[in-house]
Amino acid sequence: MASSSRAGRARKRAAGQTAPGQDPVVVETPIIQIAEDDPKLRKIEYSTSYNFILDELMNRAVNHPILKFEEDTYEWDKFNKFKNMGLLQHRVINWEWLAEIGAKQDVRELLGERLIYAMNCIEPQYVELVLEFHSTWYHKEGKFEQGNALSFSFGRKVYEMNVPRFAIISGLYTEEEVRRPEFSTCLRGAYTENRKYSVGKRELKAFWESISDTDFGQTNLISTVRNPIYRYVLRLLATTLVGRKSGENKANWIELFVLMCRVQRREFNLATVLVDSISRGRRGGDRARLDMGPYITRIASHLGVLDVYRPELLHRGPTTAIFGLEDLQKAGIASWEAPYGWEPLREGPPVQPRQRGPVEVVEPQQEAEPSGVQQPPQIPVQQAGRRVPLPVPLTLESFSGAEF
C-alpha cells in the first residue's frame, strides 16, 4: 500500500503538482517528438507525404515540404498569413560607441549579463525554419510547468515541452538554474488579467509616468522618455528580443516590463519574456517582417535540427547588424553634433529610488489606482568626451564577441 501511495504522489508531481509546503518543482519533461500512433499528443496534418530530406536548395522557400500544411488547419491559416513576409533584420548593441562615450559600464549594469546575452542573439536566420516555427507555434497562456504548455515543429517533427525545458533549449538558462526555486517564483510578465508572479497595468502605468513626459496609454512613445539611456534600451528591445519592423518608437508592455524590472532591480524570468514575445500577434502581409529568426535558429541548433537540415540548403535571411549611430540620432538618443554622445537628460519630477529587495514575488491582487508613486532611480547621463565622427553606421563585421 505504501508503495502504491508513493507511486501516486510521483504521478501527481509529474503532472506539475507540488506537495504542500515545498518549493515549486520543475517537472522533468522530455522534448517530445510527436508519434503518429500516440493520440494524446499534438498532430499536424500535411497535404503531401514526406519521407526524405532534400539534398538541394528549393527555388522558393515556401515550396519546401515542411511547409505543406493541410488546408483550413490552424497551421495552414498562420502560414498563409506569414508566407509573403520577408524576415526582419535584427540590430544589436553598439558597444564600440558606448565605450567611446564612456557609457559602456552604465548600460552593462542596467541590463545585466543574462539580458545582454539574450539581446546579443546574432545567429543566422533561415526562411524555411522561421516560417515553420511561427506557423506551428502554440502557447497555452498561463501554463508554466505543464508538459505541453508550448509546442512547435521543425522538419515536420513536433516538440512539446514546459517553460523550464524551453528555457534550456533557448540557451537562456542551464538545467541547474531552472531547478532553483527562484526560477519559478520570480516575475514572469505584465498582463491585463491577474496572474501569479506578474505585474498589472497599475504598476506599468506608474513606472511609465515616472520616466516619461506623457500619460500611460495605448500608444507610449519611446521618444517621450526623459532619460536617453532608457530610450536606448527600449529601442534595442524593439530590434532584438521583441523585434518588429513597425512601431519601433512605441514601447509595448513586454519592453516596459523588462525595463521596469531592470531599473527597479527586480528579478524576472527571461524565458517567459521570450515566450510572450514569440506569442505576440502579427498582422502579416508583404510589407511586414517576420521576426525572431536568430532566436529560432538558436532553438533549432539546440535541438540538432541544423544537423539534418543543412544551412546551405536553406534560404538565408538578413544578417543581424549593429544599431548604428545614424539610427540612434534619428531616434533622439544620440546627438547630431560631435562628439555624438547622449542627447541631454530632460528635466522631470524629483526622482526617489524604490526600496525593494532583490526578488519580489507578486501574488494575484485587485488593481487599484496608484497612490504616492515613487520614482525609479535615474542613471546619470555622462556627456561624451571628444570623438571622431562616424560617417556610416557600424556593421556586424566590426562587431567583436569579446565584449560579452
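The values are calculated or read from the model by the stated rules, or taken from the named source; none is laboratory data. The structure presented is a predicted model; accordingly, all values stated were derived computationally and were not measured. Cβ atoms come from the backbone with ideal geometry, glycine included; neighbour counts cover every protein chain shown. What goes into the accessible areas is simple: the full protein's heavy atoms, side chains included, and nothing from ligands, DNA or RNA. Shrake-Rupley method; radii C 1.70, N 1.55, O 1.52, S 1.80 Å.
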Based on the mean of other beta carbon atoms within 10 Å per residue, what is the order of 229-241, 68-80, most packed first?
-> 229-241, 68-80
With the dipole of region 45-134 defined by +1 on each Lys or Arg Cβ and -1 on each Asp or Glu Cβ, the option from PHE82, MET119, SER49 whose Cα lies farthest towards the positive pole is MET119
Pick out, from LEU259, VAL275, THR240, the residue whose Cα sits farthest towards the positive end of the charge dipole of region 226-325, with +1 on the Cβ of Lys and Arg and -1 on the Cβ of Asp and Glu.
-> LEU259
To the nearest 20 debye, what charge dipole does region 139-207 have about its Cα centre, counting +1 at the Cβ of each Lys and Arg and -1 at the Cβ of each Asp and Glu?
-> 280 debye
What whole number of Å gives the distance from the Cα centroid of region 317-331 to the Cα centroid of region 97-119?
-> 16 Å
Percent carbon-and-sulfur accessible area, region 121-203, ignoring ligands, DNA and RNA, probe 1.4 Å | 44 percent
Where a ≥ b ≥ c are root eigenvalues of the Cα gyration tensor, a/c under 1.5 meaning rounded, otherwise prolate if a/b exceeds b/c and oblate otherwise, region 120-173 counts as oblate
With +1 on the Cβ of every Lys and Arg and -1 on the Cβ of every Asp and Glu, the dipole magnitude of region 223-272 about its Cα centre, in debye rounded to the nearest 20, is 120 debye
Packing-ranked peptide list from 95-103, 41-49, 154-162, 292-300, highest mean Cβ count within 10 angstrom first, is 292-300, 154-162, 95-103, 41-49
Looking at the square roots a ≥ b ≥ c of the eigenvalues of the Cα gyration tensor of region 54-155, which shape do they give, rounded for a/c under 1.5, prolate if a/b is larger than b/c, or oblate?
-> oblate
Hey, how many Å between the Cα centroid of region 200-276 and the Cα centroid of region 70-90?
-> 28 Å
Treating only the Cβ atoms of Lys and Arg (+1) and Asp and Glu (-1) as charged, compute the dipole magnitude of region 175-238 about its Cα centre; round to the nearest 20 debye.
-> 100 debye
Probe 1.4 Å, protein heavy atoms only - accessible area per residue of region 45-116 in square angstrom | 51 Å²
How would you classify region 159-310 from its alpha-carbon gyration tensor, with a ≥ b ≥ c the square roots of the eigenvalues: rounded for a/c under 1.5, else prolate if a/b is greater than b/c, otherwise oblate?
-> oblate
